[in-house]
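Working notes for the structure below.
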Amino acid sequence: MTGAELDQLSINTIRTLSIDAVQAANSGHPGTPMALAPLVYTLWNRVMRFDPQDPIWPNRDRFVLSNGHASMLLWSVLHLTGTRAVNADYERLGQPSVTLEDIRRFRQLGSKAPGHPEYHWVSGVEATTGPLGQGIATSVGMAIAKKWLASRYNKPNFSIFDYDIYAICGDGDLMEGVGSEAASLAGHLGLDNLCWIYDNNHITIEGSTQLTFTEDVAARFLSYHWNVLRLDDANDIEQIDHALRVFRKTKDRPTLIILGSHIGYGSPHRQDTAAAHGEPLGPDEVRFTKRAYGWPEDAQFLVPEGVREHFADGIGKRGASARRAWTNLFADYRSQYLELATEIEQMQRRELPVGWDRNLPVFPADPKGLAGREASGKVLNVLAQNIPWLLGGSADLGSSNKTLLTYPGAEDIQVNTPGGKNLHFGIREHAMGAIVNGLSLSKLRPYGATFFIFSDYARPAIRLSALMELPAIFVLTHDAMGDGEDGPTHQPIEHLASLRAIPGLTLLRPGDANEVVEAYRVIMQLRHRPAILVLSRQALPTLDRNKYAPACGVACGAYVLADAPGGKPEMILIATGSELSLAVQAHETLSSEGIHSRVVSMPSWDIFEHQTQEYRDSVLPPAVQARITIEQASTFGWERYVGNNGRMIGMQTFGASAPLKELQRKFGFEPERLVTMAKGMLGKT
Ligand SMILES: Cc1ncc(C[n+]2csc(CCOP(=O)(O)OP(=O)(O)O)c2C)c(N)n1
Ligand SMILES: [Mg+2]
């Protein structure tokens, strides 16, 4: 067989595996894999530096399938390249990542060929995709990370990091706003290691893009400072190959390749129709299509002889030799730059450097106190000096979020300073969330910040960080009515409840400056969970830890801060964040009147729920049913801690525009209310 024949055979193998898998599952998306098989084939077998034997080799090129519905493209190449599996501890397992059996069981429970690409479930998947736009936005974070890594670690004759990031996307990805936000920032930062390939097939689910999407995409990307290439034939692999090489030579800007394609290519009755997007072809059309490809009509899940070998000769050989060369290079690097090499190794395992928590502040008792965001800023500035790869920024609210790193040498990340520490996301919260994920997928330790209310704008990416089990950090300030005068558009109500509801996400709302320090101590040690830190705008009293329990109780999610004599309370006050000091004040009043209350500080439900039943019962003794929770947010969910006989102080409505003190009075966030309510519950009015 000639090289060209082997190319075609390999491409048609990807196509027919996709067709058969969708048909067997009776669900999925055949049309786009049929159209993009030549692209994915060319990219993987001719261009990408990726070693199927070691899919987590740090200097590999990254591939993101942003149009995640076309997942069969990925399952096909992961299978045909014989990509090996890796476990969550980064151990390389001998077995294949995706077997032919997995593909036969496409979209079935337990299969390593699920409906959409799932990071952490299938080795070789670089990012979970499915919500359109997220993959391309995440790829921008990967490209920023690569530049950061190269800037810090590359040395003369040691190009330790020189990989590229490829993302494939469809009309949906380019219609979604998050893609535009991210593309704008990528252009601004001149990310010439980033290549998006746009499947310009003029089809989405409802039909032709004439219905909704008639803009000039090329002009838009040119205005973002991208290099834009146009190819009109998705079957011309020489042209595709050439365009990818042009990308690799293009400096100072990212590349968008607009690729004209035909969804459902080769299917006599489905090509160029919306039906090819999301419906199996059906048994007859499967046969007609295979005939059109010159494929045996009745063969299913056929991988012809020579195809696996062809991938082994292409990406297999190229990847193995690139990795071998890199491994040798890294060994030399290690002997010359031991400290830097150690950092790279620690980072890859998501470990922290020795001394990561040295010089963390301890805040003295102070009735006036410090805002949560102020304490956070001080802690971040210490941590960022101890942990070289901790970096991040805000969506244009750095001065409000206090996330700016201000120590000498903490540069901005810009075109000419890609190794800086302060990343300015611009007013692009959604892309910020995805970019933070991309940085984290690249093993940096990133944080992104905005007002808590605008977490709504980043939420889809935050959800994905939990789904991907990434230790991303979101610093969300102005957590309640602290910015009073800004009014209800700026006052979060349901946000705590809704973010607490995301599985696998650790949310902390610390109650004073020392709890902020301890919250960071907990967060930094997370390896496979994102964290959200919810912080006050206004000063909160710094509690006297000689009088009350130490703030290290934060590590248990909830702890007894102030107690009744002999640890035998009649009632329990449970509070978080800015309401903690109100509960402490109420407790002092109640104590002075001989009423035995306990204050439980509960910065994190999630962490508390991971404690033993014994510990949880020691904090919230089942026998003590007189309980009040207080939190300046929706009470939704607090029922689980107050029980049937408890009371909840929270918000039932939106807030209002007024000075904070007036709002606290209007909405009942004052210690006197707690005292009255407590007495009422105990029948001691
Ligand atoms: C945020 C988001 N909205 C909606 C969907 C549902 N959806 C999946 S694919 C698709 C159409 C995508 O069209 P296009 O990107 O052109 O893909 P093609 O059909 O051309 O492969 C839609 C609306 C989604 N996955 N994500
Ligand atoms: Mg389309």
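The values are calculated or read from the model by the stated rules, or taken from the named source; none is laboratory data. Quick caveat, the model's predicted, so the values are computed rather than measured. Note that we place each Cβ from the backbone using ideal geometry, even for glycine, and neighbour counts take in every protein chain shown. Heavy atoms of the whole protein, side chains included, go into the accessibility calculation; ligands, DNA and RNA do not. Shrake-Rupley method; radii C 1.70, N 1.55, O 1.52, S 1.80 Å.
For region 240-314, the per residue solvent-accessible surface stands at 48 Å², with DNA, RNA and ligands left out and a 1.4 Å probe.
Round to a whole number: what % of the accessible area of the chain belongs to carbon and sulfur, probe 1.4 Å? Mind dumping the intermediate values first?
Working: 12760 of 25240 Å².
Heavy-atom surface of the chain belonging to carbon and sulfur, 1.4 Å probe: 51 percent.
In the chain, a dipole from Cβ-located charges (positive for Lys and Arg, negative for Asp and Glu) runs towards its positive end, and of 14, 296, 583 it is 583 whose Cα lies farthest in that direction. Quick check: the distance between the Cα centres of region 320-339 and region 618-644, to the nearest angstrom? Answer, in whole Å: 56. Along the axis of the charge dipole computed for the chain (Cβ charges of +1 for Lys and Arg, -1 for Asp and Glu, origin at the Cα centre), the listed residues 234, 34, 664 are led at the positive end by 664.
Of all complete DSSP H helices in the chain, those with a Cα span along the helix axis of 27 Å or greater and a mean Kyte-Doolittle hydropathy of -0.5 or more are 3-25, 134-153. Its alpha carbons give region 531-605 an Rg and a Dmax of 12.3, 40 Å.
In terms of Cα to Cα distance under 19 Å, which lysines are near enough to residue 251, apart from those fewer than 8 places away along the same chain? In chain and number order, the partners are 146, 147.
What is the gain in length, in nm to one decimal, between residue 100 and residue 546 on full extension, counting 0.36 nm per residue of separation less the C-alpha to C-alpha distance? Please report the intermediate quantities before stating the final value.
Details: separation 446, 0.36 × 446 = 160.56 nm, distance 6.33 nm.
Taking 0.36 nm per residue and subtracting the Cα distance, the gain is 154.2 nm.
For the chain, the antiparallel share of DSSP beta bridges with both residues in that region comes to about 20%. Taking the Cα atoms of region 178-324, the ratio Rg/Rh between the radius of gyration and the Kirkwood radius comes to 1.04. Using the 1.4 Å probe convention, the accessible area of region 611-659 works out to 51 Å² per residue with neighbouring protein chains retained.
Counting only heavy atoms of the protein chains and using a 1.4 Å probe, residue 676 has close to 90 Å² of accessible surface. Debye-formula intensities of region 92-190, expressed as log10 I(q)/I(0) at q = 0.25 Å⁻¹, are -1.20 (one equal scatterer per alpha-carbon, no solvent). Cross-link partners of residue 547 among lysines, defined as those whose alpha carbon lies under 25 angstrom from its own and excluding same-chain residues fewer than eight positions apart: 368, 378, 568, 679.
Which order do peptides 155-162, 50-57 fall in by mean Cβ count within 10 Å, highest first? Numbers along the way, then the final one.
Details: 155-162: 13.9, 50-57: 20.5.
So the peptides 155-162, 50-57, ranked by packing, come out 50-57, 155-162.
Mean silhouette area of region 523-572, derived from the convex hull of its C-alpha atoms and averaged over all directions, reads 5.4 nm².
Separation of region 283-297 from region 659-685 is 74 Å, based on Cα centroids. The calculated pair-distance distribution of region 132-212 uses every alpha carbon pair, bins of 5 angstrom beginning at 0, and gives 3, 15, 22, 20, 14, 10, 7, 4, 3, 2, 1 percent.
May I ask you to give the solvent-accessible area per residue for region 376-468, in square angstrom, as obtained with a 1.4 angstrom probe?
Numbers: 2800 Å² over 93 residues.
Result: 30 Å² per residue.
By the rule of a C-alpha distance below 16 Å, with chain neighbours fewer than 8 residues away ignored, the aspartates and glutamates paired with residue 155 are 332, 339, 343. Proximity of backbone amide H atoms, modeled 1.01 Å from N, is registered between residue 86 and 93, 123 at under 5 Å, excluding neighbours fewer than 5 places apart on the same chain.
Per residue, the convex hull spanned by the Cα atoms of region 316-375 amounts to 128 cubic angstrom.
The spread of Cα positions in the chain, taken along each principal axis and listed from longest to shortest, comes to 93, 58, 47 Å. Ordering of 349-356, 466-473 by packing is 466-473, 349-356, highest average first (other Cβ atoms within 10 Å, averaged per residue). Between residue 600 and 561, 573, 574, 575, the built amide H atoms are under 5 Å apart, and every one of these is 5 or more places off in sequence or on another chain.
Phi-derived couplings, Karplus 6.51 cos²θ - 1.76 cosθ + 1.60 at θ = phi - 60°, listed residue by residue for region 637-652: x, 5, 3, 5, 9, 8, x, 6, 9, x, 10, 10, 9, x, 10, 10 Hz, with x used for Gly and Pro.
When each of the peptides 63-73, 227-237 is scored by how many other beta carbons lie within 10 Å of its residues on average, the order from highest to lowest is 63-73, 227-237. In this structure the amide hydrogen of residue 258, modeled in the peptide plane, comes within under 5 Å of the amide hydrogens of 198, 229, 230, 231, none closer than 5 places in sequence on its chain.
About the Cα centre of the chain, what is the dipole size in debye to 20, counting +1 per Lys and Arg Cβ and -1 per Asp and Glu Cβ, all else neutral? Don't jump to the answer; show the numbers that get you there.
Details: 65 positive and 75 negative charges, 277 e Å.
It comes to approximately 1320 debye.
Estimated from helical segments only, the mean residue ellipticity of the chain at 222 nm is -12000 deg cm²/dmol, where each DSSP H run of four or more residues counts as -39500 (n - 2.57). Extent of region 1-103 along its three principal axes (Cα atoms, max minus min coordinate, largest first): 35, 34, 26 Å.
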